[in-house]
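Report on the structure given below.
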Amino acid sequence: MAAGSRPGGAPLLLPLLPLLLLPAAGAGCAAEGGPLEPFDALYASGVEAYYGGDFAGAARCLERALRSRRELRAARLRCRRLCRAQVRLAAPGAGAGGDLPFFGSVLRRAECVRRCEEPRLGAVSRHRAAEEVRADFQRRVPYSYLQRAYIQLNKLEEAANAAHTFFMANPEHMEIQQDLENYKTMSGKVNLIDQEARQHMEDYSAGVRHYDKEEYELAIKFLERALEGYYSEDEDCQIMCEGPQRFEEHEYLDYKAGLYEAIADHYMQVLACKHDCVRELATRSGRISPIENFLPLHYDYLQFAYYRVGDYVKALECAKSYLLFHPDDDDVLENAGYYEGLLEGAVDPATIKPRKEAKSLLRRHKLESHLLQVAAAGLGYAYTEPNYWNRYGARQDEHSVPSGLSSEPEDGPRLSLTKKPMSKPDRELREGGPLLYSDVKFVYNSEQLNGTQRVLLDNVISEEQCRELHRVASGIMLAGDGYRGKTSPHTPNERFEGATVLKALKYGYEGRVPLKSARLFYDISEKARRIVESYFLLNSTLYFSYTHLVCRTALSGQQERRNDLSHPIHADNCLLDPEANECWKEPPAYTFRDYSALLYMNADFEGGEFIFTEMDAKTVTASIKPKCGRMISFSSGGENPHGVKAVTKGQRCAVALWFTLDPLYRELERIQADEVIAMLDQEHLGPSEMNINPKDEL
């Protein structure tokens, strides 16, 4: 890679760090010693070294920047915790001067913190990084620079771990996903290290994996460790919220509020930060949305795991802890009642209480909420209480979450391992509607394709129409079209070319391609839309979100020992996170997409099979070989992860279609194309010979 190339090579990665946002880099990384060097200055030096081709210097500075940021947090935590213990806040007294003991203790604690921090950190102002720099570290962008620098230094293991660390916070970044597969092959390294892993999250995920395998002793071990880590992290989060806050409604230097308004303004921001620790601790790196119901789920898993190993006291304790958060959960109430029956005569169930740390956290959380609501009502703060304990979170459609009892008597209750109901979707999921056109052939439905909301059809277009569409494609496609100009957006071993409906019609109107052929592209996409809308029995109009004719061509000389995919496994409206078994419906995903379809134009190539997988992005559930006229359609969410196997010879072409039920997200180019079609019809240029008239409907 050239020194000036962007790490990762994809638009998500770096808006090339406007170096204006970074402090002056100076002459590289200074020697360590003295006060802690600000991480943003080290980061700037690393970026500067990278673009200057000094990859060893870049790696050194970037590693030090990451280490400096960790040490900064550790130093602040240590000093604030120390000063909490050494300087207790005094209670205000009555009468004149009664508030002096309290404010005196506040001043002494502030002095304690500064005296503790300064020898290691230096002046506080040295460590005030710009918001954009903090966001880069939150998204782990320095690791993307690192992996590219290590590649240049031929340090494959370090590069692989850096890429893996970046990928854990950016699972939608397809090039990094391909890089990881290449690293595993080149270095033989399978177990990669997430250098920013949050241990309570790692332990929770491990506990759930063991639970799903019915390895209950191990599930208990990891879930208990996850809880211990969670409460420790919660304390740290609370302490870190006591740092500087931004006065969002005021310019600080012009701040004219009185003493108590100023205190209230700052304290409410601190309190809101502390209250949000619940969300912070449940949110994986790089994500916006938390794992819903995260803390209660620990107790829900544990209550059943303890039951399965015969520890009914712990089972009841965890069930009661879960009920603190969801006192009306009928399944767990029933479980708790059964555990009490098992203990009757041996232990008084009334002596078994919910866990103290759960009670304490929930009590504090409710008080925080009350104070924030009071402030919102009385002081004019804009605040809406989120639903932190949504019961149907954490992909419970994928995990076997304990719930319910069976009355089968043979060896006690059989706690149901079936799925808890998910929150109702915004529409009823149905399929099996009419295909509208007599020549379209049904092949497989969702059940036969081992999934949800899937259908495979043949003869959607004819052989002649495939050939004609291929001819128009060769005249209008542009390398990198639809991929921000990148000719190899998903793999360096294939070239991608594409074109939109509007471009085809414009070329047809200008005489650069046959107008009839250009119109064909428009008509077959409309035919596909009508079929999808009808088959999935949608009660509202399905709109085009994006329509793209795309061909991918295997590059000669680059196909030996390929182990990558033509298009990595992904979902169309959420960010697939295989490690977490999650699909995050948040930007930069196209969250408004509801259905997808791919209409294939040819079969004269090798490889290129379309595949569905499980959420792990590894277990293939269905594989489809493209051919002329074949169309696969499916709902666009995390229930349908999919990808494309490597095209190893020839060119694979298809019309890719994404649809939305929300008219606000209609494809602009499609609206313009509709206007072109209306104009052509007025000029009596007629439709293509698509036969999409009502007489052809079944």
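Cys277 fulfils the conditions (1) modelled with pLDDT under 95; (2) open to solvent by 20 Å² or more (accessible area, probe 1.4 Å) except for a single criterion, (2).
Can you tell which of Ser525, Ser556 is assigned by the TED database to the domain that holds Asn640, open to solvent by 10 Å² or more (accessible area, probe 1.4 Å), of a type in the set (Ser, Thr, Tyr) and more than 30 Å from Glu292 (Cα to Cα)?
Ser556
Name the one entry in Ser321, Ser360 that is small (Gly, Ala, Ser), touching a residue at least 24 places away in the same chain (Cβ under 8 Å) and within 21 Å of Glu224 (Cα to Cα). Outline the logic, then answer.
On the way: Ser360 fails: touching a residue at least 24 places away in the same chain (Cβ under 8 Å).
After applying the criteria, what remains is Ser321.
Residues in the range 583-638 that are surrounded by fewer than 21 Cβ atoms within 10 Å (Cβ to Cβ) and among the aromatic types (Phe, Trp, Tyr): Tyr590, Phe592, Phe605.
Condition first: part of a helix (DSSP H, G or I), of a type outside the set (Ser, Thr, Tyr) and open to solvent by 10 Å² or more (accessible area, probe 1.4 Å). Now tell me which residues in the range 503-522 satisfy that.
Matches in the range 503-522: Lys503, Lys506, Leu515, Lys516, Arg519.
Residues in the range 74-103 that are farther than 27 Å from Leu121 by Cβ and among the small types (Gly, Ala, Ser): Ala90, Ala91, Gly93, Ala94, Gly95, Ala96, Gly97, Gly98.
Looking at the range 365-382 only, could you name the residues that are open to solvent by less than 70 Å² (accessible area, probe 1.4 Å) and under 28 Å from Tyr230 (Cα atoms)? Walk me through how you get there before you give the answer.
Looking only at the range 365-382, we keep the residues that are open to solvent by less than 70 Å² (accessible area, probe 1.4 Å), and these are 365, 368-369, 371-372, 375-376, 378, 380-381.
Selection gives His365, Glu368, Ser369, Leu371, Leu372.
Of all the listed residues (Ala94, Ala110), the sole one being open to solvent by 40 Å² or more (accessible area, probe 1.4 Å), modelled with pLDDT of 90 or more and out of contact with any helix residue (DSSP H, G or I) (no Cβ under 8 Å at 6 or more places or on another chain) is Ala110.
Note on the range 446-474: residues that are without any contact (Cβ under 8 Å) to a residue 40 or more places away in the chain and either on the phi > 0 side of the Ramachandran plot or not polar (S, T, N, Q) (or both) amount to 3. Going by the structure shown, is Ala346 of a type in the set (Gly, Ala, Ser), closer than 24 Å to Lys221 by Cα and either in the same structural domain as Glu233 (by the TED database) or in contact with a Gly (Cβ under 7 Å, 6 or more places away or on another chain) (or both)? No: the conditions fail for Ala346.
Here is a check on your reading of the model: is Arg134 closer than 25 Å to His164 by Cα, without any contact (Cβ under 8 Å) to a residue 40 or more places away in the chain and of a type outside the set (Gly, Ala, Ser)?
Numbers: closer than 25 Å to His164 by Cα: yes; without any contact (Cβ under 8 Å) to a residue 40 or more places away in the chain: yes; of a type outside the set (Gly, Ala, Ser): yes.
Considered against the rule, which asks whether it is closer than 25 Å to His164 by Cα, without any contact (Cβ under 8 Å) to a residue 40 or more places away in the chain and of a type outside the set (Gly, Ala, Ser), Arg134 comes out as yes.
The single residue among Gly557, Gly608, Gly508 that is touching a Ser or Thr at 6+ places or on another chain (Cβ under 8 Å) and at positive phi turns out to be Gly608.
One line per residue, one yes/no per condition, for (1) closer than 30 Å to Arg140 by Cβ; (2) more than 29 Å from the chain's Cα centre (by Cα); (3) open to solvent by 50 Å² or more (accessible area, probe 1.4 Å):
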| position | (1), (2), (3) |
| --- | --- |
| Met268 | no, yes, no |
| Ala282 | yes, no, no |
| Asp328 | no, yes, yes |
| Ala350 | no, yes, yes |
| Arg355 | no, yes, no |
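When the range 641-667 is filtered for residues that are under 18 Å from Arg519 (Cα atoms) and not in a strand (DSSP E or B), only Glu667 remains.
If you check Pro354, Pro386 for being assigned to a loop (DSSP other than H, G, I, E, B) and in contact with a Ser or Thr (Cβ under 8 Å, 6 or more places away or on another chain), only one passes: Pro354.
When residues of the range 113-152 are filtered for being open to solvent by less than 60 Å² (accessible area, probe 1.4 Å) and not β-branched (Val, Ile, Thr), how many remain?
Narrowing the range 113-152 to residues open to solvent by less than 60 Å² (accessible area, probe 1.4 Å): 113, 116-117, 121-124, 127, 129-130, 133, 135-137, 140-151.
Next, only the ones that are not β-branched (Val, Ile, Thr) stay: 116-117, 121-123, 127, 129-130, 135-137, 140, 142-150.
Within the range 113-152, residues that are open to solvent by less than 60 Å² (accessible area, probe 1.4 Å) and not β-branched (Val, Ile, Thr) number 21.
Given Leu62, Leu16, which one is modelled with pLDDT under 95 and either in a loop (DSSP other than H, G, I, E, B) or in the same structural domain as Cys116 (by the TED database) (or both)?
Values: Leu62 fails: modelled with pLDDT under 95.
That would be Leu16, the only listed residue that is modelled with pLDDT under 95 and either in a loop (DSSP other than H, G, I, E, B) or in the same structural domain as Cys116 (by the TED database) (or both).
Answer with yes or no whether Asp577 is closer than 30 Å to Leu436 by Cα, open to solvent by less than 20 Å² (accessible area, probe 1.4 Å) and touching a residue at least 24 places away in the same chain (Cβ under 8 Å). Walk me through it before giving the result.
Values: closer than 30 Å to Leu436 by Cα: no; open to solvent by less than 20 Å² (accessible area, probe 1.4 Å): yes; touching a residue at least 24 places away in the same chain (Cβ under 8 Å): yes.
No.
Condition first: over 16 Å from Leu323 (Cβ atoms) and open to solvent by less than 60 Å² (accessible area, probe 1.4 Å). Now tell me which residues in the range 336-348 satisfy that. Can you show your working first?
If we filter the range 336-348 for residues that are over 16 Å from Leu323 (Cβ atoms), which is where we start, we get 341-348.
Within the range 336-348, Gly341, Leu343, Val347 qualify.
The values are calculated or read from the model by the stated rules, or taken from the named source; none is laboratory data. Because the structure is predicted, anything quoted here is derived from the model rather than measured. Reconstructed Cβ throughout: ideal geometry from the backbone, glycine too, with neighbour counts over all protein chains shown. Ligands, DNA and RNA are stripped out before the accessible areas are found, and what is left, the full protein with its side chains, is counted by its heavy atoms. Shrake-Rupley method; radii C 1.70, N 1.55, O 1.52, S 1.80 Å.
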